[in-house]
Amino acid sequence: MKKLTLSVAALLIAGASFAQTTKSTQCTATTKKNIQCKNTTKTKSKLCYLHDPNYVKPSKTTTVVCNGTTKAGNKCKNKTKNKSGKCRLHTKKD
C-alpha cells in the first residue's frame with residue numbers, strides 16, 4: 001500500500017511540473033457574434049492565430065521526387081524536402 005501511494009504521489013508531482021511548462025490561455029478577442037473566442041493561445045499577445053494581425057503562417061516545405069539517378073541508370077524514386085531536390089542518398093557529403 002505504501003508503494004502504491006508513493007508511486008501515485010510521484011506521478012502527480014511529475015504531471016503537475018509538466019503542466020506548468022506548456023501554459024495556454026484562452027483568446028481574449030470576440031467573434032462576429034460578440035461571443036468570446038474559444039481558441040487557445042501560447043503567445044504573449046493573448047490572441048489566437050485568427051485574431052492576431054501579426055500572425056505569420058508557417059511555410060510548408062513541399063516534398064518532391066529526387067532528381068538523382070541510381071547505379072543502374074534509372075531515376076531515383078525517393079522523396080525529399082531538401083532544397084537541392086536530391087534525397088539523402090544522392091546529396092554529396094562534404
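The values are calculated or read from the model by the stated rules, or taken from the named source; none is laboratory data. As the structure is a computational prediction, the values presented were derived from the model and not from experiment. Every residue, glycine among them, receives a Cβ derived from its backbone with ideal geometry; neighbour counts consider all protein chains shown.
Observations on the structure shown:
- Cβ-Cβ under 7 Å pairs, at least 6 apart or on other chains, the stretch 54-72 side touching a residue at least 24 places away in the same chain (Cβ under 8 Å), far side of a type in the set (A, V, I, L, M, F, W, C): Cys66/Cys76; Cys66/Cys87
- Residue within the stretch 49-68 that is part of a strand (DSSP E or B), modelled with pLDDT of 85 or more and within 30 Å of Thr91 (Cβ to Cβ) present: yes
- Residue, nearest to Lys23 (Cα to Cα), within the stretch 34-53, restricted to residues that are among the β-branched types (Val, Ile, Thr) and loosely packed, with under 12 Cβ neighbours inside 10 Å: Thr40
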